[in-house]
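The values are calculated or read from the model by the stated rules, or taken from the named source; none is laboratory data. Treat the numbers as computed from the prediction; the structure is a model and nothing was measured. Using ideal geometry, Cβ is built from the backbone for each residue, glycine included, and neighbour counts are taken over all protein chains shown. We work out accessible area using only protein heavy atoms, side chains counted, and drop any ligands, DNA or RNA first. Shrake-Rupley method; radii C 1.70, N 1.55, O 1.52, S 1.80 Å.
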Amino acid sequence: MENKENINKYGEINLVHRMTVIKRIIHWTFFLAIINNIITGFYIAYPFLFFGKTPTQSDSLSTGIVNSGETNQAFIMTWMRDFHFIGAVLIDVIFIVWLYLAFFSWKEPLYKSFLPFGDKLEEAWKMIKHYFTLKDKPKTGRYQDPLNAFVFTIFHLLILLQMLTGFQMYVASFTGTSAVGAWWPWLMHFSTDWTLFIFGGLTGVTIAHLFIMWLIIIFIAYHIYIEVWRSVMWKEGDILIPFGGYKYIRNKSETQ
Amino acid sequence: MDNDNHSCDNNCKEKKPAFKWDPLRFISKNPDEVLKKVDKRLDKLEKEYFKNTKEKENNLPNIFDIYGVSRRDFLKWSAFLTSTLMLPYIFKPRIARAANILTRTPFIWLDMADCMGNTEAFIRNANPTPAEIIINYVSVNYMESIMAPAGYQAEARRTETIKKDKGKYILVVEGAIPTGMDGKFLTIGAKGDTGIKIVKETAKNAGITIAIGNCAAYGGIPAASPNPTNAVGLSSVTNRSVINIPACPANPVNVVGTLVEYILTGKAPQLDNIGRPLWAYSGRLHDNCYRRGHFEAGEYVRHWGDAGAKKEYCLYMMGCKGPFTWNNCTTAEYNQDTSFPMRAGHGCIGCSEPVFWDRMTPFEKPNADAKIIIPGVEATADEFGVALLGAAGVGIAAHAIYTGIKKKNETKKSSSKKED
Ligand code: HEM
Ligand code: SF4
């Protein structure tokens, strides 16, 4: 009796699987790595000396707490760069796994949200219209909606660009060989030297790396907002996807 | 030659070299073979340029006497140059011989669009080192700033050298070459020939062509945006291979080292992908800087002359471009081998990199404070990024408010419908 009333009010509620365990792990590792790289990257660009030792010593909050004030105990820039590179390794691995899963995932490969391309473009456009009119909510389907698929793909391309410009900066301190052999710097030069021409030398590459960071921050803001918005407006529990892997699917919507 | 037996201490034939890259590999993979070839070439050149043994042996001492440089100084210097060239110690006597030969090698020095800073760096020295002295005593056939002949005679000297010493003379070019208006932005000499014509003519028959200073190598300051004269570096106007020795001015050690290596081997040294000798330009300044420890420790100069500056902290925040620049300033050092920018307390300005006047500016601010090059945008990456983020934030807020109001209206409508 009560249940039926609910169905009338909210429509029939079903579950749809959206994120495998691996994808959820990737999602949160990626989140942590990117936040880490934003903080450490900022520090590299502008050493703000919060934990560092400053010329007068007294204006460092951490002197005497995490370090004794000796130079060799306060290699703050070393730590920042190390964490940046650890984050970078995570990001690189995740990108490659993401690329693989986008095509070969058993359950929810991304390419299903793209094909057939023309139709999906129209569907994405409908979603944008829905954002602004709040009417005609596109049906929740088996796969990710095309608009999100497009936005996420662009985001991953930004990450790729970040990787390539990052490796170009990284290879700068190599002198033709490395602990694991000459192939490693060669590979980095081979795959990223074109960024020097596109962005105008190493300084340009660095500035591009810095600027792409801002685009990534903007993506994060958009991403969080739109997932919250969907959860509020659609009442399908979109925000739960990266935690439980499922969202709801309803055959009724207030905005239809 | 007393050091010959040092080279092969313990069965070095079986041992592979520790590094994939070593300076004279391109002569031969076999070290003995390299030595043989070098010796043969030195013998030949010595016969060609010196009449007898006495002349050969007295040549350098005579020159150094004038400047009060002792034989000991010279030996120290040749050891220094040997290690700077990344050659084994066994090459030290051969470097000394090559320096001797260098003083007799025909030589043309051309000045294009430039400030003659490289010339000044060589000839205006209170205490010249052997490097500068040798350059001054290279048998200069043509160099506007120090030659006696003028006008037509000067031109004649040049054309004569080109003909007589075809394929033998060393050509050093200083300054960018304007190519706009058929090169008429720069005309030189009694006949008013354009710089581009003179350079092409002279480079055609040169034994080795060296672009000295950033202007000659990559266009430098004359080519800085908006480059009204269409100035370019030497390698863009000649099809001969050019050795670039950039920097502003170039370090005399790097020039003499390159010339000495040419005398030793008859070839250009191994070059990096923008034409610079690897032995001098394979290290990044930031990686060889004595202030690097302070960089890693987060100890930075924040203002000129502050406490950090007195303690020689890292100049990263004062705009040091060492992280973007490849050169050997920190090891070979400038000004009679005594100093370089970071030691003097000012950051590197990146003068040995292409387009440095546009890419490395502002010189005294961190790179992140440089303006980004997006048409119509006059801001740093961060200013523009914050602006975009702010715009996105405003957009998000507007959308949220819009959604809220619209939804409220709709619920009102539908609930009023129900009441009806
Ligand atoms: C979301 C990802 C990332 C963000 C937000 C980020 C951000 C930044 C920022 C802001 C800087 C400072 C740039 C400057 O000096 O002006 C930086 C430096 C750097 N980043 Fe990243 N980065 C990211 C990923 C990567 C990746 C994947 C790599 C790959 C190797 C990388 C390698 C580097 C390197 C080598 C530097 C220069 C460090 C130095 O000069 O000591 N970054 N990053
Ligand atoms: S002074 Fe310049 S080159 Fe030296 S460590 Fe600091 S940033 Fe690097």
Relative contact order (percent) for region B:54-197, with alpha-carbon contacts under 8 angstrom and 6 or more residues of separation?
25
Carbon and sulfur atoms account, in whole percent of the 1.4 Å probe accessible area of region B:3-281, for 53
With a ≥ b ≥ c the root eigenvalues of the C-alpha gyration tensor of the protein assembly as shown, is it rounded (a/c under 1.5), prolate (a/b larger than b/c) or oblate?
prolate
To the nearest 10 degrees, how steep is helix A:146-171 against the longest Cα principal axis of chain A, on a 0 to 90 scale?
10
So, in nm, how far is label A:TRP106 from label B:ALA387 when the simple model puts each one 7 Å beyond its Cα toward the Cβ?
5.1
In order over region B:154-161: 3J(HN,Hα) from phi, Karplus 6.51/-1.76/1.60, θ = phi - 60°, whole Hz, x for each Gly or Pro, gives 4, 4, 4, 4, 5, 4, 5, 4
Roughly how crowded by other chains is peptide B:292-303, in terms of the mean Cβ count from those chains within 10 Å of each of its Cβ atoms?
6
Determine, for region B:306-420, the count of lysine pairs separated by eight or more sequence positions (or lying on different chains) whose alpha-carbon distance falls under 24 Å.
12
Put A:TRP194, B:TRP109 in order of accessible area, largest first, probe 1.4 Å, and you get A:TRP194, B:TRP109
May I ask you to order B:159-169, B:144-154, A:160-170 by the average number of other C-beta atoms within 10 Å around their residues, highest value first?
A:160-170, B:159-169, B:144-154
Rounded to the nearest 0.05, what FRET efficiency do A:TYR10 and A:PHE190 have when you use their Cβ-Cβ distance and R0 = 60 Å?
0.60
Sort B:ASP114, B:ASP193 by accessible area with a 1.4 Å probe, largest first.
B:ASP114, B:ASP193
Counting other Cβ atoms within 10 Å, keep those with at most 16, restrict to DSSP loop, and tell me which chymotrypsin sites (Phe, Trp or Tyr not before Pro) in region B:303-350 are left.
B:TRP304
Considering every residue in A:41-47, what mean count of other chain Cβ atoms within 10 Å of its Cβ is obtained?
4
Ranked by GNM mean-square fluctuation in chain B (Cα springs under 10 Å), the top entry among B:ALA211, B:ALA400, B:ALA368 is B:ALA400
For A:TYR246, what accessible surface area do you get with a 1.4 Å probe? Give it in Å², rounded to 10.
110
Leaving out ligands and nucleic acids, and using a 1.4 Å probe, what accessible area per residue does region B:110-160 come to in Å²?
43
Can you list the residues, at least 5 places off or on another chain, whose amide H is less than 5 Å from the amide H of B:PHE340, using H built in the peptide plane?
B:TYR334
Which ³J(HN,Hα) values, rounded to whole Hz and listed in residue order, are derived for region B:389-398 from phi using the Karplus coefficients 6.51, -1.76 and 1.60 in 6.51 cos²θ - 1.76 cosθ + 1.60 with θ = phi - 60°, glycine and proline given as x?
4, x, 4, 4, x, 4, x, 4, 4, 4
Derived scalar couplings ³J(HN,Hα) [region B:199-209; Karplus, 6.51 cos²θ - 1.76 cosθ + 1.60; whole Hz; x for Gly, Pro]:
4, 4, 4, 6, 5, 4, 9, 6, x, 8, 10
Helix A:21-45: inclination vs chain A longest Cα principal axis, degrees, rounded to 10, gives 40
Of all alpha-carbon pairs in region B:275-353, indicate the percentage at a distance above 19 angstrom.
32
Cα-based Rg then Dmax for region B:3-281, in Å, read 19.3, 64
Pick from B:ASN328, B:ASN62, B:ASN288 the residue whose mean-square fluctuation is largest in a GNM of chain B, springs joining Cα atoms under 10 Å.
B:ASN62
Quick one: which residues, 5 or more positions from B:ALA247 or on another chain, have an amide H under 5 Å from its amide H? H modelled 1.01 Å from N in the peptide plane, none for Pro or chain starts.
B:GLY213, B:ASN214
Can you send over the solvent-accessible area of B:HIS399, 1.4 Å probe, protein chains only, in Å² to the nearest 10?
20
Candidate lysines - alpha carbon under 16 Å from B:LYS184, same-chain residues fewer than 8 apart omitted
B:LYS197, B:LYS200
When the helices in the protein assembly as shown are scored as -39500 (n - 2.57) per DSSP H run of 4 or longer and the sum is shared across all residues, what 222 nm value do you end up with, to the nearest 500 deg cm²/dmol?
-16000 deg cm²/dmol
Considering chain A as a Gaussian network with a 10 Å cut-off on Cα pairs, which listed residue, A:ALA221, A:ALA33, A:ALA124, attains the greatest mean-square fluctuation?
A:ALA221
Summarise the accessible area of chain A (1.4 Å probe, protein heavy atoms) by the percent that is carbon and sulfur.
71
Compute the angle between helix A:201-234 and the longest alpha-carbon principal axis of chain A, please, reported from 0 to 90 degrees and rounded to the nearest 10.
30
On a 23 Å Cα-Cα criterion, which of the cross-link pairs B:LYS37/B:LYS164; B:LYS56/B:LYS204; B:LYS29/B:LYS92; B:LYS51/B:LYS204 come out too long?
B:LYS37/B:LYS164; B:LYS56/B:LYS204; B:LYS51/B:LYS204
Alpha-carbon spread of region B:285-419, three principal axes, descending order, Å:
96, 33, 23
Here the whole-number average of other chain Cβ atoms within 10 Å per Cβ of A:203-213 is 6
Mean projected area in nm² (Cα convex hull; one quarter of hull surface) for chain A:
19.7
Given H placed on each backbone N at 1.01 Å, which residues far from B:ILE208 in sequence or on other chains put an amide H within less than 5 Å of it?
B:LEU171
